[in-house]
1. How charged is the neighbourhood of Ala351? Take every other residue with its Cβ under 11 Å from the Cβ of Ala351, and add Lys/Arg as +1 and Asp/Glu as -1.
2. Straight distance only, please: which lysines reach the Cα of Lys102 with their own Cα at less than 16 Å, same-chain residues fewer than 8 apart left out?
3. Residue separation times 0.36 nm, minus the C-alpha to C-alpha distance between Lys362 and Asp517: what's the value?
4. Normalised by the number of residues in the chain, what is the relative contact order in percent for Cα pairs under 8 Å and 6+ residues apart?
5. Tell me the label-point distance for the pair Ser116, Ser501, using the 7 Å Cα-to-Cβ offset, in nm and rounded to one decimal.
6. Provide the packing ranking of 227-233, 19-25, i.e. peptides ordered by the mean count of other C-beta atoms within 10 Å per residue, highest first.
7. Whose amide H sits under 5 Å from the amide H of Ser341, counting only residues 5 or more places off or on another chain, with H placed in the peptide plane?
8. So for the pair Glu23, Asn310, with labels modelled 7 Å out along Cα→Cβ, what separation do we get in nm?
Amino acid sequence: MVHNNLDNQHTELIHLLKTERNEDGFWSGRLSSSALATAVSIVALKINGDCADQLSVNRGLGWLLNHKNSDGGFGDTSTSLSNVSTSLLCYAAISYCGNQHKDANSVLSGLETYLSHQNIDLKGSDITTSVLSYYGMDFTFSVPILSMLVICGVLKDNAIKKIPQLPFEFTLFPASWYSAFNLRVVSYAIPALIAVGIFTFKTRKRHNPLMKWIRNRSIKPTLTKLEQIVPQSGGFLEAIPLTAFVGMCLISSGYGDCQVVNKGLTFLRNQQRPDSSWPIDTDLSTWVTTLSIKALGPKMTTEFSEGEINRLTTHLKSIQYRDVHPFNLAQPGGWGWTNFSGSVPDVDDTAGAILALLVLYKSDEDVAGAIINGSKWLTTLQNKDGGFPTFCKGWGKLPFDCSCADLTGHAMFALTKSLNMLGNKMSSEFIKLMNNCISRAFGYLWKVQQDDGHWVPLWFGNQFTKNQQNPVYGTAKVSIYLQDTILCNILNDNMKRNIDSMVSKAKDYLLNQQNEDGSWGGEKGIRGTIEESALAIAALSETHREACLKGFEWLGNEYIENGLRSNPIGLYFAMLWYDEKLFPLIYYIEALGRFLK
């Protein structure tokens with residue numbers, strides 16, 4: 001009876017996932033609306049001074065005023081806990097854009113109360129020091145936040161002298177030199193480094209004469225560099241906050257008529273939703289499409305027509321990068337997180353696309369070529385420690401440039417399965433390179449697995465754990481990748497035994513994290529979610545039936561009571577929380593598919 005119920009659930013959820021495809025036959029998903037993205041967008045549009053944007057500004061302001069938390073602060077999503085950064089930016093936006101709105105003063109008062117409880121006195125405390133302390137060595141987000149506070153008048157002009165000067169002039173050197181400069185921003189943040197750096201330079205009143213001369217001479221060529229890398233959509237990385245920060249800083253610096261600003265403002269106008277809010281990014285279409293295909297697995301051939309499968313295959317092939325990427329000079333072969341032009345190739349989405357194409361593969365030479373080229377691209381990004389970073393080999397010490405467990409596990413599985421299925425189409429030299437790459441990735445995962453069996457992910461967290469990390473998510477993901485890797489025939493017996501040992505420790509950890517009600521959260525004792533519970537079940541499905549059935553019971557009740565409620569589990573650039581509508585559905589289907597298999 002239980003098995004039949006799970007079969008029925010599986011069928012129902014697959015049908016629901018099929019209906020979520022867009023008109024082009026793949027999945028776009030829907031990212032949560034973001035208070036932070038909405039705040040920076042209305043400021044960028046307001047400061048531009050175009051009367052035609054006033055309605056959009058007013059609508060965005062109204063959405064903000066209606067989405068404050070009960071403590072008076074703002075979180076990144078409508079269900080996120082309040083945090084200082086988003087609350088400060090919302091305070092700045094409401095102060096700057098809301099002087100004629102009847103509810104603005106009361107919301108500002110509530111924000112002041114919230115921030116005072118966080119030891120930030122907007123009238124007297126050193127806000128600059130507080131923000132810089134929160135983000136530590138990483139200036140990627142702290143300096144843009146402080147710059148917006150100055151632009152909106154929350155910080156006085158003299159506060160600019162306390163804001164670190166981003167060395168925008170260094171971007172004129174070859175990218176291979178960046179690691180020597182200690183830029184203290186992550187590799188994807190070149191647009192902010194330039195625009196915010198120009199703003200802080202132009203706003204300061206005192207300068208070292210030599211640096212003043214150098215930076216004045218650097219403004220024009222760095223703006224030219226920005227114009228060369230701005231995507232067709234106008235949105236840097238398709239990211240609303242990054243694009244808005246660039247726009248407002250250039251406008252405030254006297255460069256509002258440049259192409260970068262005009263295209264960026266058009267992008268922001270196009271991204272405002274019917275409910276008046278903005279998300280943090282256009283979408284994660286590549287990510288949710290490849291997750292969907294992998295979760296469906298063998299069901300693809302029974303649930304989708306040949307034409308539908310061919311359409312998905314064609315789509316994934318079409319968005320593989322075939323040229324050097326203008327933004328970060330990434331070599332051809334990778335995939336980014338969306339099909340829109342602002343995307344940049346990254347390890348996780350490239351591994352996902354490779355694995356999805358392997359699910360869809362039907363001896364098509366073009367598909368085999370795309371998979372092999374993607375595998376070659378992955379091997380070029382492996383760090384010296386054997387792990388994989390997000391965008392490029394680690395040229396800095398900040399998280400997105402360093403190796404992490406979940407990306408490494410994903411890349412290791414993608415390379416192993418590619419070699420297993422398409423090794424007969426690869427040269428002997430490349431096979432040797434692949435085997436070495438896989439071995440080194442395994443060594444990295446062995447080294448970073450914690451004594452209790454868990455791994456920590458990079459791009460996902462849980463806002464209720466003590467350090468906001470999500471070891472349940474990371475451990476489940478890496479464990480699933482490793483279990484699937486063992487099924488490939490190319491691994492030697494010794495590596496298989498060692499992977500078995502790693503997976504056994506990981507499963508013990510996951511079992512110990514299950515809550516009494518059968519669910520999993522970020523760790524034991526944290527409220528369960530569909531996303532974390534489903535992934536834990538998927539990792540345990542082959543060996544721990546009782547724990548899985550208890551988890552499915554919780555999932556079934558949660559689905560009946562609250563539907564497929566998504567949770568802010570994702571961590572975007574600079575620790576911004578988001579939730580994605582399709583994550584609960586996709587992970588639930590994956591758990592059912594693995595258990596029923």
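1. -2
2. Output for Lys102: Lys68.
3. Difference between extended and current length: 51.5 nm.
4. 14
5. Label-label distance for Ser116 and Ser501, simple model: 5.9 nm.
6. The most tightly packed comes first, giving 227-233, 19-25.
7. It is Ser233, by chain and number.
8. Each label point lies 7 Å from its Cα, and together they span 2.2 nm.
We did not get these values from a lab; they are worked out from the coordinates using the rules stated. All figures in this text were calculated on a predicted structure; none of them were measured in a lab. Reconstructed Cβ throughout: ideal geometry from the backbone, glycine too, with neighbour counts over all protein chains shown.
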